[in-house]
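Heads up, the thing below is written out as structure tokens.
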Amino acid sequence: MSLPQPAPANPHFAKIGGAAAVDRLVEAFYRRVDTLPEAATIRAMHAPDLAATKSVLKRYLTEWMGGPRDYSRDRGPPRLRRVHAAFAIGPAERDAWMMCMSGALAEVVTDDELRAQLERAFLKVAETVRNDPDNRHDFGSNTRTPSAPGRVS
């Protein structure tokens, strides 16, 4: 007799459909970033060729959703705020990012409950990455000095 296996801490990776679904999600997301006028500001934060950025996001989301930990193995623990600190990210950038991700979720995730769960989780992440003076994650103190636009890799 075998003992039941505990459920993974984060089962979203299996629920979304594994690596193939994460790939579709990232492709749908960056198609919006690349084409929607409302996303022009966040598009400008990326390199002209999005291939490397897509690869990183696919590995990050795979791990974030409970899949293989390739992102941490290859890049170390996720440090989203540090990675994005070089960019001015306020409510407008957060909202543009969420618009692209919400559209990608609507395109890829057919399970309404899962889509809603992921959208809420993505909103928390997008809010955490904000680095404007009103960001509550910095408790109202922003020590960040805006720098020249960089690139997300």
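Things worth noting here:
Let's see how each residue does on (1) at pLDDT below 95; (2) more than 15 Å from V129 (Cα to Cα):
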residue	(1), (2)
A51	no, yes
V56	no, yes
R59	no, yes
R69	yes, yes
D74	yes, yes
P77	yes, yes
R81	yes, no
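- Residue within the range 118-127 that is out of contact with any strand residue (DSSP E or B) (no Cβ under 8 Å at 6 or more places or on another chain), modelled with pLDDT under 90 and not small (G, A, S) present: no
- Filter result for R130 (surrounded by fewer than 16 Cβ atoms within 10 Å (Cβ to Cβ) and at pLDDT below 95): no
- Residue list for the range 123-141, filter: part of a loop (DSSP other than H, G, I, E, B) and within 15 Å of the chain's Cα centre (by Cα): R130
- The set of residues in the range 47-79 that are under 21 Å from K15 (Cα atoms) and touching a Lys or Arg at 6+ places or on another chain (Cβ under 7 Å) comprises E63, D70, Y71.
- Of the residues making up the range 2-23, none is assigned to a helix (DSSP H, G or I) and of a type in the set (S, T, Y).
- Checking each residue in the range 7-39 for being over 23 Å from E63 (Cα atoms) and touching a residue at least 12 places away in the same chain (Cβ under 8 Å) picks out D34, L36, E38, A39.
- Helices (runs of 4 or more DSSP H) enclosed by the range 31-122 - at least 2 residues per element that are surrounded by fewer than 14 Cβ atoms within 10 Å (Cβ to Cβ): 51-64, 70-75, 80-84, 91-108
The values are calculated or read from the model by the stated rules, or taken from the named source; none is laboratory data. Note that the structure is a prediction, hence the values are computed from the model and not measured. Cβ sites come from the backbone with ideal geometry, for glycine too, and all protein chains shown count toward neighbours.
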